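Colleague: Okay, here's the structure, questions in a sec.
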Amino acid sequence: MSWRSESIWIEFITGSRKTSNFCWAFILFLGSLGFLLVGISSYLGRNFISLFASQQILFFPQGIVMSFYGIAGLFISCYLWCTIFWNVGSGYDLFDRKEGIVRIFRWGFPGKSRRIFLRFLMKDIQSIRIEVKEGVSARRVLYMEIRGQGAIPLIRTDENFTTREIEQKAAELAYFLRVPIEVF
């Protein structure tokens, strides 16, 4: 989602609150909870899950391993739910031709660096760079090359833009900023 005028361009960046992240966190939570319940039921000799008889799974070694996988999965699920709750990676890119300033803001993990705020002068922007890698794990990323700072990604690396969409976005942004496009 973006907003544009004659002199200002604001590009809003979605963070971790995406449908796929909710689905993966929920599936991982349920799966790890199932593993943990089977491991505990094999230790106690009671059936917490009606699909498996506790006598079929010995506590040593299967029950211990399933309990370990269940606990590990719950930790990973908790991590995913925290990134969703904190909306890590969300923010905005603001390009202001009137003031000649570019502002990039992202939310990070809680702590000293929770708010990530970058500010550059427009005259320091060398180019807009497109990186396209096709194949099994295709990757299409849009970068802004800053003089003396290197390349800064402008979109999430896991967004699935087509080559045409990324080229269109790069062309519009390069035209707005009045800088060339580089393709890698």
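Colleague: Which of the GluC sites (Glu not before Pro) across segment 113-178 are loop residues per DSSP, with 10 or fewer other Cβ within 10 Å?
Modeller: The qualifying sites are Glu134.
Colleague: Tell me, what is the percent relative contact order of segment 18-84, built from C-alpha pairs under 8 Å that lie six or more residues apart?
Modeller: Computed over segment 18-84, the figure is 45 percent.
Colleague: Another question, if that's okay. Kindly provide the helix-only [θ] at 222 nm of the chain, computed as the sum of -39,500 (n - 2.57) over DSSP H runs of four or more divided by all residues, to the nearest 500 deg cm²/dmol?
Modeller: -12000 deg cm²/dmol
Colleague: Any idea what diffusion coefficient segment 18-84 gets from Stokes-Einstein, in µm²/s, Kirkwood Rh on alpha carbon pairs, 37 °C, 0.692 mPa s?
Modeller: Approximately 269 µm²/s, per Stokes-Einstein.
Colleague: Which of Lys18/Lys169; Lys112/Lys169; Lys98/Lys123; Lys123/Lys169 have a Cα-Cα distance over 24 Å?
Modeller: Lys112/Lys169
Colleague: Going from the alpha-carbon gyration tensor of the chain, what semi-axes, largest first and in whole Å, does one get by taking the root of 5 times each eigenvalue?
Modeller: 48, 17, 13
Colleague: Return the whole-Å distance between the Cα centroid of segment 46-97 and the Cα centroid of segment 20-44.
Modeller: Segment 46-97 and segment 20-44 have Cα centres spaced 6 Å from each other.
Colleague: Leaving out ligands, DNA and RNA, and with a 1.4 Å probe, what % of the accessible surface on the chain is carbon or sulfur?
Modeller: 62 percent
Colleague: Could you do me a favour and compute the accessible area per residue for segment 18-84, 1.4 Å probe, result in Å²?
Modeller: 68 Å²
Colleague: Hydropathy first: keep DSSP H helices in the chain averaging at least 1.0 on Kyte-Doolittle, then drop any whose Cα extent along the axis falls short of 15 Å, and list what survives.
Modeller: Taking the DSSP H segments of the chain (at least 15 Å long, mean hydropathy at least 1.0), we get 19-44, 64-86.
Colleague: Ok, one more. With an 8 Å Cα cut-off and a minimum separation of 6 or more residues, compute the relative contact order for the chain in percent.
Modeller: After rounding, I find 18 percent.
Colleague: Further question on the same structure: Where does the charge balance sit around Pro180 when Lys and Arg score +1, Asp and Glu -1, over other residues with C-beta under 15 Å from its C-beta?
Modeller: Neighbour charge sum, excluding Pro180 itself: -1.
The values are calculated or read from the model by the stated rules, or taken from the named source; none is laboratory data. From a predicted model like this one, the values you see are computed outputs, not experimental measurements. As a convention, Cβ positions derive from the backbone with ideal geometry for all residues, glycine included, and neighbour counts pool all protein chains shown. Ligands, DNA and RNA are stripped out before the accessible areas are found, and what is left, the full protein with its side chains, is counted by its heavy atoms. Shrake-Rupley method; radii C 1.70, N 1.55, O 1.52, S 1.80 Å.
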